[in-house]
Amino acid sequence: MSNRKRIRQSPSSAPTTRRIVPTSIAFALGALLAGPVGAVTAGADDPTDDRVAALRAEEAKRDAAQVVELTSRARRVRESLLPVLDGLATAVPVTNAPGPAASKPDVERWQATTGKAVEDFANPPSGGTGVNIARSGLAAAVQTLDAAVDTYAAALAQSPTARAGLFELTGRQRDAAVAIWGSAATQLDVLNIDSGNGHVHVFLPTVPGQGALTADGAPEGK
């Protein structure tokens with residue numbers, strides 16, 4: 001008799017088991033759905049976004065200050081290089097046909113000037129990509145001009161018949177320096193416009209045939 005009761009009671013426990021399984025599944029699905037929703041809600045107030053915005057603001061402020069400093073430096077270096085370019089224009093015209101040879105004291109002054117210009121762009125500070133491009137271009141230009149002056153000095157130490165090749169190389173290096181400077185000056189102009197300073201033209205003087213970029217017709221500061 002007791003055996004029959006157990007047989008009748010055992011089926012009654014089955015529905016209880018079937019009710020527990022759907023409940024467990026529903027709980028698990030709820031937890032899974034709540035996870036992403038909770039993450040999205042938490043992300044809206046994530047302080048990381050504020051830190052990123054603060055860092056970007058600091059970088060923009062740093063770059064704006066570096067644009068002003070680099071522009072001032074470029075103007076100063078440009079003025080110092082004008083006598084060197086004038087001297088080379090007479091000694092080695094753009095046609096690369098040698099003109100009257102410069103004196104040794106003149107060339108030594110050129111070397112001192114270009115050497116100082118190279119030092120002015122040494123050990124650059126870290127900046128944004130645009131600033132780094134402009135600064136690196138100006139540095140490369142003065143390094144190339146410095147090499148041109150050294151080549152000219154080496155030519156003067158040769159016999160008159162052996163100078164022609166070095167004079168021609170001097171002219172090509174000088175023209176490359178002016179072209180590189182022109183590209184960097186264009187980048188610096190763009191940086192000043194983006195910074196709200198208006199157009200800034202710090203181009204070196206050029207002549208036809210050098211292939212260098214020159215200033216546009218926009219007025220300074222506009």
Original post:
Taking the range 51-95 only, how many residues are at pLDDT below 90 and aliphatic (A, V, I, L, M)?
Top reply: 7
Subject >> Inter-residue pairs, beta-carbon under 7 Å, first over 24 Å from VAL92 (Cα atoms) and in the range 172-199, second crowded, with 18+ Cβ neighbours inside 10 Å and charged (D, E, K, R), 6+ apart >> reply: HIS199/ASP189
Subject >> Residue within the range 154-177 that is touching a Lys or Arg at 6+ places or on another chain (Cβ under 9 Å) and not small (Gly, Ala, Ser) present >> reply: yes
**OP:** Find all pairs meeting these conditions: Cβ atoms under 7 angstrom apart; at least six residues apart or on different chains; first residue within the range 50-61 and within 17 Å of ASN132 (Cβ to Cβ); second residue surrounded by 10 or more Cβ atoms within 10 Å (Cβ to Cβ).
**Re:** GLU59/GLY128
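The values are calculated or read from the model by the stated rules, or taken from the named source; none is laboratory data. Here the structure is a predicted model, which means the values were calculated and not measured. Heads up, the Cβs are rebuilt from the backbone with ideal geometry, glycines too, and the neighbour counts pull from every protein chain shown.
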